[in-house]
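Visitor: Can you read through this structure? Questions will come right after.
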Amino acid sequence: MSHLYFGGVDVVELAEEYGTPLYITDENRLISNFRSYKAAFEGYYDTDIYYAVKANGNLAILKLLAREGAGADVFSTGELQLTKLAGIKTDKILFNGNSRSDEDLIMAVESGVKVSVDSSDELNALATVAEQLGKDVEIAIRVNPDVSPDVNPKIATGLKESKFGVPYTGIVELCKSASNKRNISLVGLHCHIGSQILDVSVFSEAADKMLELVTSLYEIGIELEFVDLGGGLGIAYRPDEIAPTPADLRDAILPAFERAEIAPPKLILEPGRSIVGPASILVSRVNAVKRAYKNFVAIDAGFNLLIRPAMYDAYHEVVVANRYNEPCSEVYTVVGPICESGDIIARDRRLPAVRRGDLIAIFDTGAYGFSMSSQYNGRPRCAEVLVKDGHIDLIRERESFDDIIRNQRIPPRLVQQA
Ligand code: LLP
């Protein structure tokens, strides 16, 4: 019986030792994905890679990326604190967001990170906070570039109807107003057009639009330090998909910089999925096999741990880890343990005959897997391990029932008198 190996480790042995469900991350893949970004841009253009923490905020993973020189795109004060804990340098952190409280803005200003501003309302609030604290803050303006990538509408973020950013046509005015504000220093423009983008031509369109804005600003005396084009590079979830590489992204973006009539500012990118996505698998135990209208395989991980199939109809490749490479003789729909019909991990897949107790490995789950997990149905979240050349480290303990009740309080009037 052949077993699936991941990061030099027998996945079946890992599942025995750490239990299931279990997220497993291969350090070498993670690092090589990050390095391929660095290699694609080094020597071509002054570029910083700000890893998108929302994709996977595990501290061990952040520490590894910090060591490689990554900056960070954070979308909340929680993510901001995670990156700081991991040792990512303040001057390489961009605090993004579209709905931030005064407390959020105070933390942003006090910690000295750059802030991407999403509206004129937010700009005013940030200026007030900075003035009260007597501190300066560097900002970028989030541009809504009105470009339309061919992706699930839920993960397209630069459409004109998207909630993110300031309409393209209002940018110059807002930048003028920003540069007149005390304590505010306008240093960049930012956009993020969407995620899981396989056709990179849309990045060229976004780069062109952003550089047009940079040029218009230059002409009125506003010089920027950077243009941040966000993340979004897709990965090959399906066996027949071909993922664009960071070098493809470079070739799509840089012509716009080369064509610019002014000396263009540096480039920032915010990849998430393409760095962590392919670096992890989720391993789950089969609890039941049922022949009904369809052949169902019921596993112990559902949309509580991997919501992408339920939320975006996303495809993830699945294999039987303890009988890897056996001929696929049956068609199964792999479902989770959650009390909802939408709790489907994989539909109509050819697998070897599956039995209770088998292990299903779900591929490419490093991005927006654990980071979108929940305790729905009273299920503690699972453990995570990091593997490298056969070496194993636990990087997140399995939650227990205590974690489910930890912050709950029973009002004294509901506590029964003896
Ligand atoms: N920068 C900003 C401002 C973002 O909002 C995002 C992702 C990224 C960078 C990173 O994008 P990436 O390189 O990972 O595509 N939960 C969805 C994806 C949501 C993406 C949200 N923003 C999914 O599972 O497909």
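The values are calculated or read from the model by the stated rules, or taken from the named source; none is laboratory data. Small disclaimer: the values here were computed from a predicted structure and weren't measured. Ideal geometry is used to build each Cβ from the backbone, glycine not excepted, and the neighbour counts take in all protein chains shown. The protein model used for the area step is the full one, side chains on, heavy atoms only, and it has no ligands, DNA or RNA in it. Shrake-Rupley method; radii C 1.70, N 1.55, O 1.52, S 1.80 Å.
Visitor: Taking the dipole about the Cα centre of the chain, with the C-beta of Lys and Arg at +1 and of Asp and Glu at -1, give me whichever of Pro411, Gly188, Pro149 is farthest to the positive side.
Guide: Pro411
Visitor: How much mean residue ellipticity at 222 nm does the chain get from its helices, if each DSSP H run of length 4 or more adds -39500 (n - 2.57) and you divide by all residues, to the nearest 500 deg cm²/dmol?
Guide: -8500 deg cm²/dmol
Visitor: On to the next question. When only Cα pairs under 8 Å and 6 or more residues apart are kept, what is the percent relative contact order across the chain?
Guide: Contact order relative to length: 20 percent.
Visitor: Mean shadow of the range 111-230, computed from the convex hull of its alpha carbons, in nm²?
Guide: Its average projected convex-hull area is 7.4 nm².
Visitor: May I ask you to give the solvent-accessible area per residue for the range 198-273, in square angstrom, as obtained with a 1.4 angstrom probe?
Guide: Heavy-atom accessible area per residue stands at 42 Å².
Visitor: So, in Å, what gap is there between the alpha-carbon centers of the range 309-350 and the range 20-43?
Guide: 25 Å
Visitor: Please give every one of the lysines within straight-line cross-link reach of Lys89, meaning a C-alpha to C-alpha distance under 25 Å, and leave out same-chain neighbours fewer than 8 residues apart.
Guide: Within the straight-line cut-off, Lys89 pairs with Lys38, Lys54, Lys63, Lys114, Lys135, Lys266.
Visitor: Using the per-residue mean of other Cβ atoms lying within 10 Å as a proxy for protection, in what order, highest first, do the peptides 171-184, 15-28, 53-66 fall?
Guide: Descending mean neighbour count gives 53-66, 15-28, 171-184.
Visitor: Of all beta bridges DSSP finds with both residues in the range 297-394, what is the antiparallel percent, to the nearest 5?
Guide: About 85 percent, rounded to the nearest 5.
Visitor: Which whole-percent values make up P(r) of the chain when all C-alpha to C-alpha distances are grouped in 20 Å steps starting at zero?
Guide: 25, 52, 21, 2, 0
Visitor: Still on this model: Separation of the range 175-246 and the range 118-136 by C-alpha centroid, Å?
Guide: Here the answer is 23 Å between Cα centres.
Visitor: OK, next. Using a 1.4 Å probe over the heavy atoms of the protein chains, calculate the carbon and sulfur portion of the accessible area of the chain as a whole percent. Intermediate values should be presented prior to the final figure.
Guide: Details: 9000 of 18710 Å².
Looking at the chain in its full context, I get 48 percent from C and S.
Visitor: In the chain, what % of DSSP beta bridges are antiparallel (nearest 5)? It would help to have the intermediate numbers written out before the result.
Guide: Details: 29 of 66 bridges.
Of all bridge pairs located within the chain, approximately 45 percent are antiparallel.
Visitor: Please list the equivalent ellipsoid semi-axes of the range 86-176, computed as the square roots of five times the alpha-carbon gyration tensor eigenvalues, in descending order and whole angstrom.
Guide: Rounded to whole Å, the semi-axes are 25, 16, 11.
Visitor: Continuing with the same structure: May I ask you to compute the full-extension gain from Thr245 to Ser36, defined as 0.36 nm times their residue separation minus their alpha-carbon distance, rounded to one decimal in nm?
Guide: Extra length from Thr245 to Ser36 when fully extended: 74.4 nm.
Visitor: With a bin width of 10 angstrom, please list the P(r) values of the range 279-386 as percents of all Cα-Cα pairs, from the 0 bin to the one holding the largest distance.
Guide: In order of increasing distance, the bins hold 15, 52, 29, 3 percent.
Visitor: Okay, moving on. Under unit Cβ charges (Lys, Arg +1; Asp, Glu -1), what dipole magnitude, rounded to 20 debye, does the range 82-167 have relative to its Cα centre?
Guide: Numbers: 10 positive and 14 negative charges, 72 e Å.
That gives a dipole near 340 debye.
Visitor: Continuing with the same structure: Which whole number in µm²/s is D for the range 190-325 by Stokes-Einstein, with the Kirkwood Rh taken over Cα pairs at 10 °C and 1.306 mPa s?
Guide: Value of D from the Cα-based Kirkwood radius: 88 µm²/s.
Visitor: Could you give the dipole magnitude of the chain about its Cα centre, charging the beta-carbon of Lys and Arg +1 and that of Asp and Glu -1, in debye to the nearest 20?
Guide: Dipole magnitude for the chain comes out near 1320 debye.
Visitor: Also: Quick one: what Rg and Dmax do you get for the range 27-106 from the alpha carbons, in Å?
Guide: Rg, Dmax (Cα atoms, Å): 13.1, 41.
Visitor: Another one. Can you check what the net charge comes to around Gln132, using other residues whose Cβ is under 14 Å from the Cβ of Gln132 (Lys, Arg +1; Asp, Glu -1)?
Guide: Computed value for this residue: -2.
Visitor: Also, quick follow-up: Would you list which aspartates and glutamates come within 16 Å of Lys154, measuring only between C-alpha atoms, while excluding same-chain residues fewer than 8 positions from it?
Guide: Asp146, Asp313
Visitor: Solvent-accessible area per residue for the range 30-114 at a 1.4 Å probe radius, Å²?
Guide: The answer is 40 Å² per residue.
Visitor: Between Glu13, Glu161, Glu212, where does the largest GNM mean-square fluctuation fall for the chain, given springs only between Cα atoms within less than 10 Å?
Guide: The residue that fluctuates most here is Glu161.
Visitor: In what sequence, highest mean first, do 128-136, 312-320, 404-412 appear when ranked by Cβ atoms within 10 angstrom? Could the numbers behind the result be given before it?
Guide: Values: 128-136: 15.1, 312-320: 18.2, 404-412: 8.2.
Listed from highest to lowest mean packing, they are 312-320, 128-136, 404-412.
Visitor: Which distance in Å, rounded to a whole number, links the C-alpha centroids of the range 144-174 and the range 364-400?
Guide: 33 Å
Visitor: Under 13 Å Cα-Cα from Lys290, which aspartates and glutamates qualify once same-chain neighbours fewer than 8 residues away are excluded?
Guide: Qualifying aspartates and glutamates at Cα under 13 Å: Glu330.
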